[in-house]
Amino acid sequence: CTFLFYHKQWYQRRVRATKIEADFFKQVHKLEIEYAQRYAPLYQRRAAIVSGEVEPSATECIMPGEDQDNEKSDSEKQENDNDSITGIPGFWLTIFKNTEILAEMTQPHDEPILEALRDINVSFPENSMGFVLEFHFAANDFFEDNVLTKTYHMKSEPDDFDPVAFDGPEIIGSTGCSINWKKGKNVTQKIVKKKQRMKGKGQTRIIQKTIKEDSFFNFFSPPSMPEDEESVDEELEALLTTDFEIGQYIRER
């Protein structure tokens with residue numbers, strides 16, 4: 001009886017603690033919203049430099065600790081060599097190709113599209129936990145959209161059936177967006193041709209079938225989380241885990 005009494009007291013204290021912890025993460029989310037607004041001018045400046053809308057100032061071109069005289073002469077030489085270049089061509093494509101988790105998703109046929117990627121933003125809804133990734137594109141030959149979005153839904157509440165298992169916010173699902181591909185430009189699909197024998201005629205015909213193609217842009221068509229978590233098989237679980245890891249990675253950087 002004594003053991004059960006103390007165990008019950010411990011359990012009740014732990015439940016109260018998880019409720020405080022959940023409230024802590026809600027306050028952190030409010031801070032994320034506040035600081036996202038404060039960071040916004042810096043990211044807007046970066047986007048303007050990348051796109052070539054503005055040129056960085058001399059001060060912005062100097063890294064802390066570098067010799068300013070040497071940096072100035074190097075910058076002048078580079079300016080003379082690249083007078084016709086505006087912005088930073090291939091800025092985001094270079095990042096994708098040199099970031100392991102993104103490079104694994106990026107296919108050669110994705111690269112011309114990622115050349116048109118101008119900025120990636122993260123926003124935080126005020127009325128719910130979670131975050132939205134916004135990919136801003138210049139006009140391109142592949143789709144009509146200027147912005148593609150991916151929304152991650154998060155839960156930061158202790159489970160009613162097992163509150164002491166609460167371990168902070170967790171992603172519970174994601175929602176992509178439809179892409180308005182231009183005719184014949186959808187890199188997430190490919191058409192394969194195969195011969196089919198016609199029954200009773202001894203003849204064959206060529207049929208076309210559209211199948212899924214590996215592409216970064218499948219990122220915007222994520223697998224859906226089934227209502228019954230027990231029905232998630234290993235393959236789906238791996239896809240969901242990878243999707244959540246990529247979203248979290250981009251968010252944090």
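The values are calculated or read from the model by the stated rules, or taken from the named source; none is laboratory data. Since the structure is predicted, the reported quantities are computational estimates derived from the model, not experimental observations. Methodologically, a virtual Cβ is constructed for each residue, glycine included, from the backbone with ideal geometry; neighbour enumeration extends over all protein chains shown. For the accessible areas, the whole protein counts, side chains as well, though only heavy atoms, and no ligand, DNA or RNA atoms are used. Shrake-Rupley method; radii C 1.70, N 1.55, O 1.52, S 1.80 Å.
Among the criteria (1) assigned to a loop (DSSP other than H, G, I, E, B); (2) open to solvent by less than 80 Å² (accessible area, probe 1.4 Å); (3) in contact (Cβ under 8 Å) with a residue 60 or more places away in the chain, the one K150 does not fulfil is (1). Considering (1) in contact with a Cys (Cβ under 6 Å, 6 or more places away or on another chain); (2) over 22 Å from K212 (Cα atoms), the lone condition that D159 does not fulfil carries the number (1). From the list S174, S215, the lone residue that is touching a residue at least 12 places away in the same chain (Cβ under 8 Å) and closer than 30 Å to K26 by Cβ is S174.
Being among the aromatic types (F, W, Y) and at pLDDT 75 or above is a condition met by at least one residue of segment 84-95. Scan segment 61-78 for residues that are surrounded by 12 or more Cβ atoms within 10 Å (Cβ to Cβ) and either among the charged types (D, E, K, R) or at pLDDT 85 or above (or both) and jot them down. Selection gives E71, K72, D74. Within segment 128-141, can one find any residue that is outside any strand (DSSP E or B), of a type in the set (D, E), touching a residue at least 24 places away in the same chain (Cβ under 8 Å) and within 22 Å of P89 (Cβ to Cβ)? Within segment 128-141, one or more residues are outside any strand (DSSP E or B), of a type in the set (D, E), touching a residue at least 24 places away in the same chain (Cβ under 8 Å) and within 22 Å of P89 (Cβ to Cβ). There is at least one residue in segment 36-53 that is in contact with a Ser or Thr (Cβ under 6 Å, 6 or more places away or on another chain), open to solvent by less than 50 Å² (accessible area, probe 1.4 Å) and free of Cβ contacts under 8 Å to residues at least 40 places away in the same chain. If you go through segment 102-161 and keep only what is under 21 Å from F217 (Cβ atoms) and of a type in the set (K, R), you end up with R118, K150. Surrounded by 15 or more Cβ atoms within 10 Å (Cβ to Cβ), touching a residue at least 24 places away in the same chain (Cβ under 8 Å), in contact with a strand residue (DSSP E or B) (Cβ under 7 Å, 6 or more places away or on another chain) and among the polar types (S, T, N, Q) - does that describe any residue in segment 97-116? Scanning segment 97-116, I find no residue that is surrounded by 15 or more Cβ atoms within 10 Å (Cβ to Cβ), touching a residue at least 24 places away in the same chain (Cβ under 8 Å), in contact with a strand residue (DSSP E or B) (Cβ under 7 Å, 6 or more places away or on another chain) and among the polar types (S, T, N, Q), so the answer is no. Of the strands (runs of 3 or more DSSP E) lying entirely inside segment 165-221, those containing at least 2 residues that are at pLDDT below 90 and of a type in the set (S, T, Y) are 203-212. Going through (1) of a type outside the set (S, T, N, Q); (2) touching a strand residue (DSSP E or B) at 6+ places or on another chain (Cβ under 6 Å); (3) open to solvent by 60 Å² or more (accessible area, probe 1.4 Å) one by one, F124 falls short only on (3).
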